[in-house]
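Please treat every number below as a calculation from the coordinates, not as lab data. From a predicted model like this one, the values you see are computed outputs, not experimental measurements. When we count neighbours, we look across all protein chains shown, and the Cβ atoms used for this are built from the backbone with ideal geometry, even at glycine.
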């Protein structure tokens, strides 16, 4: 009788575990800007735009804003990104997340305005059908410099058409992937 009861309990535990696994909510994908602490004006630093727990990602797009009296995006690297209709390249780089899968794709930015502290439509995506990425990783890296002592948020201000004010993650079917955005903070103090 004890063996039979033990077997029944074991089967119940396995069934409950499988059902819980099937219906347990998976974590929401998140797009996040890294937080950074700098110690003095003139210091340069990298800020990553990351994605976590995403599935079937074909493309992404993001708009950002920041306090332009505290930080600005560096320019001058020949490997940097040139906005449409701009003369100079900004030190903005594609992250490895989509590159790990993609053979051909696009990485571009519509505009960068260091005077107003805005970046419009930084985006990346696959050109070929069927190419997608899943998991977590760095989408892009931006090289900033600290101008003045102060604090600023690097705020995600949009590029989703379905969720205004939020970044865009798009699946291979062309639908937006619901997700959470997390702004980054740059804090600094005089040394």
Among 163, 126, 93, what is the fewest-to-most ranking by other Cβ atoms within 10 Å?
-> 163, 93, 126
log₁₀ of I(q)/I(0) at q = 0.14, 0.15, 0.20 Å⁻¹ - the chain, Debye sum with one point per alpha carbon = -0.79, -0.88, -1.38
If one takes the longest principal axis of the Cα atoms in the chain, at what angle in degrees, from 0 to 90 and to the nearest 10, does the Cα axis of helix 2-23 lie?
-> 30
Most fluctuating residue of 42, 125, 117 in a GNM of the chain with Cα springs under 10 Å: which is it?
-> 42
Determine the principal axes of the Cα atoms in region 87-185, then give the extent along each, sorted from largest to smallest and rounded to whole angstroms.
-> 46, 29, 25
